[in-house]
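Colleague: Here it is: the structure, laid out below.
The values are calculated or read from the model by the stated rules, or taken from the named source; none is laboratory data. Note that this is a predicted model, so its numbers are computed, not measured. Cβ coordinates were reconstructed from backbone atoms using ideal geometry, including for glycine residues, and neighbour counts include every protein chain displayed.
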Amino acid sequence: MRTSAILGAAVVLAATGITGCTSSLQTPLVGTTWELEAIESMDDAQGTTKIPDPGKFSLTFDKANKAHFNFDCNWGKGTYQTKPSGDGSTGNLTFGPITTSNDRCAQPALSETVISSMSQIRSYVYKDGQLSLSKEADGGILHYRPA
């Protein structure tokens, strides 16, 4: 009886220790602002679209899991979720529904492309001070620099 009580206590302690060791890995995204430099298509015929004025296409990740966007002359806001892997420099990233303004921009096609891309983002890579957001199904990569 005493052996089973000790064994039971050991199991409880081990389980507590295991659950207490969860990672509190934080992404390098929290509290940062980025400017879109280019949109890389996986279709060679489309190639890479350079953004003429990166400051007009910005993305901010706040500490409350809210994302704030500038899409040329429009703004947007929504939520985001990350699931970092490894050292946190890569991981899954998704945006919740994004509310946007609906002004007519000088570059409407580019603004619309960037807005529609946000719902397709599935992962991020943070490397050498740059941020790359990958769209689902090899749909392309959005390349950002720090603001």
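Colleague: Inspect all residues belonging to region 85-94 and state whether any of them is surrounded by 15 or more Cβ atoms within 10 Å (Cβ to Cβ), more than 20 Å from residue 140 (Cα to Cα), in contact with a strand residue (DSSP E or B) (Cβ under 7 Å, 6 or more places away or on another chain) and among the β-branched types (Val, Ile, Thr).
Modeller: no
Colleague: Quick one: in region 71-93, of everything that is without any contact (Cβ under 8 Å) to a residue 40 or more places away in the chain, assigned to a strand (DSSP E or B) and over 24 Å from residue 128 (Cβ atoms), which residue is farthest from the chain's Cα centre (by Cα)?
Modeller: 75
Colleague: Is it fair to say residue 62 is among the charged types (D, E, K, R), in contact with a Lys or Arg (Cβ under 7 Å, 6 or more places away or on another chain) and closer than 22 Å to residue 147 by Cα?
Modeller: The answer is no for residue 62.
Colleague: Let me ask another. Are any residues in region 106-134 in contact with a helix residue (DSSP H, G or I) (Cβ under 6 Å, 6 or more places away or on another chain) and among the basic types (Lys, Arg), and if so, which ones?
Modeller: Answer for region 106-134, where residues must be in contact with a helix residue (DSSP H, G or I) (Cβ under 6 Å, 6 or more places away or on another chain) and among the basic types (Lys, Arg): just 122.
Colleague: Got at least one residue in region 46-53 being in a strand (DSSP E or B), under 12 Å from the mean Cα position of the chain (by Cα), at pLDDT 95 or above and among the basic types (Lys, Arg)?
Modeller: The answer is no; no qualifying residue exists.
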